[in-house]
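Values quoted throughout were computed directly from the atomic coordinates according to the rules given, and no laboratory measurement underlies them. Computed from a predicted structure; not experimentally measured. Cβ atoms come from the backbone with ideal geometry, glycine included; neighbour counts cover every protein chain shown.
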Amino acid sequence: MNYRDYSYEELENQMRDFGYPKFRTKQFFQWIHQNPIEKMEEITVFSKKMREDLEQKGSLALPVCVDDMQSQLDPTRKFLFQMSDGHIVESVAMFYQHGISLCLSTQVGCKMGCVFCATGKEGFVRNLSPSEILGQVVMIEKILGEKSTNLVMMGSGEPLDNWSAVKTFFELIHHPEGRGMGYRHITLSTAGVVPNIYAMAESGIPVNLSVSLHQPFQEKREELMPIAKRYQLPELMKATKHHQKKTGRRTTFEYTLIEGVNDRIEDAKQLKDILRDQNYHLNLIPINPVDPSFKRPKAVFLRKFQKHLQDAGVMNVTIRRELGTDISAACGQLKQRFVASQEDDNE
Ligand code: SAH
Ligand code: SF4
C-alpha cells in the first residue's frame with residue numbers, strides 16, 4: 001500500500017494499528033503531503049527504527065516522469081508519467097497570468113469510447129489510485145520548482161468512473177495539514193456519468209463541474225458519446241442543475257466543434273433551449289482531429305457558430321485559447337505518439 005492512498009482518517013487508523021500515538025499521524029501526513037519525498041529516511045523527525053518499520057509496511061513511491069515536452073509556441077509543458085506497474089498517463093502544465101493550471105489523468109485509458117477522443121480509442125486499462133493522481137501534482141511541482149494554482153481533471157480517463165479515488169484525491173489535496181488547495185481551484189470534467197454528479201454534489205466537496213456536452217440533440221450525441229445512451233440529456237441537465245444548487249458553482253459546458261457535425265444554426269438554437277434554466281458558461285473548443293473523419297472547423301466557421309449562438313441568445317460563451325498544439329493538445333495524443341515511437345524502437 002502507498003501511504004499517499006490513505007485519507008487522513010485512514011492513515012490515523014493504520015498508524016494506530018501499527019501502535020503509534022495520534023500525533024505521529026499528523027507529522028507523517030504533513031511530511032508526505034507537503035514534501036515530494038519518496039524515501040522514509042527523509043522523514044527526519046522519526047527515529048531510525050520507526051522509519052524502517054514504516055518503510056517495510058508501505059510505500060511512498062511517486063510516478064516516474066518518462067517524458068517532458070515543451071511547446072515551442074507557448075510555455076505549455078506536457079509530461080508522461082509511468083506508474084509502478086509500467087502503465088503511462090499524461091499530464092499537462094499550462095501557464096497563465098494568474099498562475100499554473102495542471103491537467104491530470106484519472107484512469108489509464110477510458111471506458112466511455114467517445115469517437116473523437118484518442119483515449120477513448122485506446123479502451124480501458126485500469127483506474128488510477130489516489131496516490132497516482134496526487135503523484136502527478138507532486139512530481140510536476142517538484143520538476144517546475146513552483147506550486148500550481150489550479151487543477152483540472154481533463155487528462156485521460158473519466159473521473160466520475162473512478163469517483164472513489166478522485167474523491168479521496170480531492171480530500172487529500174484540500175486537507176489543511178497537507179497541500180491545502182481550495183476546492184474552488186479544482187474543476188472536474190465529465191462526459192456525463194449522472195449518478196456520480198449527484199454523489200459529487202452530495203459529497204460536501206464543492207469543486208467546479210465541467211460537462212462535455214458536444215451535442216445538444218440526444219440522438220446525435222449518442223453517435224459521438226456512447227455514454228449518452230445510458231444517461232440521456234434531460235437527466236444530465238437535471239443533475240447539473242442539482243450540482244449548481246448544492247454548491248453554488250456555475251457549470252461549464254464544453255462544446256467541441258466539429259465541422260459539419262455540430263456547428264449549424266439548428267445546433268445553436270437547440271443549445272439555447274437545453275441551457276435555458278442553467279447557471280452556465282459555454283466553452284467552444286475546435287476539435288483536435290485524431291481521426292480524419294472529423295475536421296477541425298476553420299476560424300471562419302468558429303466565428304460563424306459564435307454568431308449563431310449570439311443570434312439564438314446564448315451569451316456566456318468563450319472560445320478556448322489553445323495551448324501547446326505542437327505537442328499534441330488533445331487528450332491522449334501525446335501518449336499515443338510516445339507508445340508508437342517505443343514500438344518503432346523495438347522493431
Ligand atoms: N472524460 C472526461 C475528462 C477527460 S476528456 C470528459 O470527457 O469530460 C477532457 C476533454 O477533452 C473533454 O471535454 C473531451 O470531450 C475533450 N476532448 C477529447 N478528445 C478531444 C479532441 N480530439 N479534440 C478536442 N477535445 C477533445
Ligand atoms: Fe473518456 Fe473523456 Fe475521452 Fe470520452 S472524451 S473517451 S469520456 S476521456
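Which entries of Lys220/Lys241; Lys48/Lys167; Lys78/Lys272 have Cα-Cα distances beyond 32 Å here? Too far apart for the 32 Å limit: Lys48/Lys167; Lys78/Lys272.
Residue-normalised convex hull volume from the C-alpha trace of the chain: 144 Å³ per residue. Other residues with beta-carbon under 12 Å from the beta-carbon of Val138 carry, at +1 per Lys or Arg and -1 per Asp or Glu, a net charge of +1. Can you tell me the orientation of helix 333-346 relative to the chain, as the angle in degrees between its alpha-carbon axis and the longest Cα principal axis, to the nearest 10? In the chain, helix 333-346 runs at an angle near 70 degrees to the longest axis.
Using a 10 Å cut-off on Cβ atoms, rank the peptides 69-79, 132-142, 288-298 from the highest mean neighbour count down. All intermediate terms of the calculation are to be shown ahead of the outcome.
Values: 69-79: 17.3, 132-142: 23.6, 288-298: 14.5.
Going from most to least packed, we get 132-142, 69-79, 288-298.
For the chain, what relative contact order do you get, as a whole percent, if you take Cα pairs closer than 8 Å and at least 6 residues apart? Relative contact order of the chain: 15 percent.
With axes computed from alpha carbons, what is the tilt in degrees of helix 130-144 against the longest principal axis of the chain, rounded to the nearest 10 within 0 to 90? Helix 130-144 and the main axis of the chain meet at about 90 degrees.
Net charge of the neighbourhood of Trp163, taken over other residues with C-beta under 13 Å away and scored Lys/Arg +1, Asp/Glu -1, is -3. Candidates Gly123, Thr25, Ser210 compared by Cα position along the dipole of the chain: farthest toward the positive end lies Ser210, with charges placed on Cβ. Label positions at Gln82 and Lys246, each projected 7 Å from the Cα along the C-beta direction, are separated by 4.0 nm.
Need one number: % antiparallel among DSSP beta bridges in the chain, to the nearest 5.
Values: 20 of 44 bridges.
In the chain, DSSP labels about 45 percent of beta bridges as antiparallel.
Positive contributions from Lys and Arg (+1) and negative ones from Asp and Glu (-1), summed over other residues with Cβ under 10 Å from the Cβ of His33, come out at +1.
Straight-line cross-link reach from Lys121 at under 14 Å between alpha-carbon atoms covers these aspartates and glutamates, not counting any fewer than eight positions away in the same chain: Glu158, Asp291.
Work out the length of the dipole vector of the chain about its Cα centre, built from +1 on the beta-carbon of each Lys and Arg and -1 on the beta-carbon of each Asp and Glu, and round it to the nearest 20 debye.
Values: 44 positive and 44 negative charges, 273 e Å.
My answer is approximately 1320 debye.
Residues considered: Thr318, Thr190, Thr240. Largest GNM mean-square fluctuation over the chain, using C-alpha springs under 10 Å, is found at Thr318. Taking the centroid of alpha carbons for each part, the range 212-236 and the range 145-205 are 23 Å apart.
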